[in-house]
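Quick notes on the structure that follows.
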Amino acid sequence: PDEPPLLFLTTHRSEEAGKSPFLLDLNARWPESVDVREVEVAPLERADARSLALALLDHVNPTAELIADAVARESQGSPFLIHELVRSNVTTASAARHRAARGSRWAVRFARRTAQAALTARRTARSS
């Protein structure tokens with residue numbers, strides 16, 4: 001009997017294609033008779049990045065529009081980074097609301113500083 005069909009899907013950054021030991025070894029061992037298709041995924045346009053951020057925020061935050069704009073700008077269209085920035089913001093905002101509910105005056109300032117530090121760290125990591 002014929003072998004059953006199989007879809008093997010991998011992802012990687014395009015700049016790693018010629019440098020990654022794993023990818024180089026995988027390509028060297030890949031059977032020539034097997035169909036290989038490469039699909040390059042470009043960054044999202046700013047409007048699409050903003051829409052994704054808004055969908056992930058689910059409008060739970062009263063400043064969702066402003067946050068989505070900042071996330072779209074800072075992520076430079078990377079869906080992964082959009083998700084991480086939104087997740088970080090929601091987590092930080094939730095912690096700040098919890099502290100504020102307990103009467104902590106510094107909670108909002110802490111949330112702002114934390115969010116700013118996270119954005120600065122991501123910018124630094126991208127430029128490295």
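The values are calculated or read from the model by the stated rules, or taken from the named source; none is laboratory data. Remember, it's a predicted structure, so these values are computed and weren't measured experimentally. We place every Cβ from the backbone using ideal geometry, glycine too, and count neighbours over all the protein chains shown. Side chains are part of the model used for accessible areas, which takes the heavy atoms of the whole protein and leaves out ligands, DNA and RNA. Shrake-Rupley method; radii C 1.70, N 1.55, O 1.52, S 1.80 Å.
Per-structure values
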item: Heavy atoms of residue 13: accessible area, 1.4 Å probe, square angstrom to 10; result: 150 Å²
item: For residue 44, residues with placed amide H under 5 Å, excluding near neighbours; result: 78
item: Protection-proxy order for peptides 43-52, 21-30, 63-72, each taking the mean of Cβ atoms within 10 Å per residue, highest first; result: 63-72, 43-52, 21-30
item: 15 Å beta-carbon shell around residue 19, net charge (K/R +1, D/E -1); result: -2
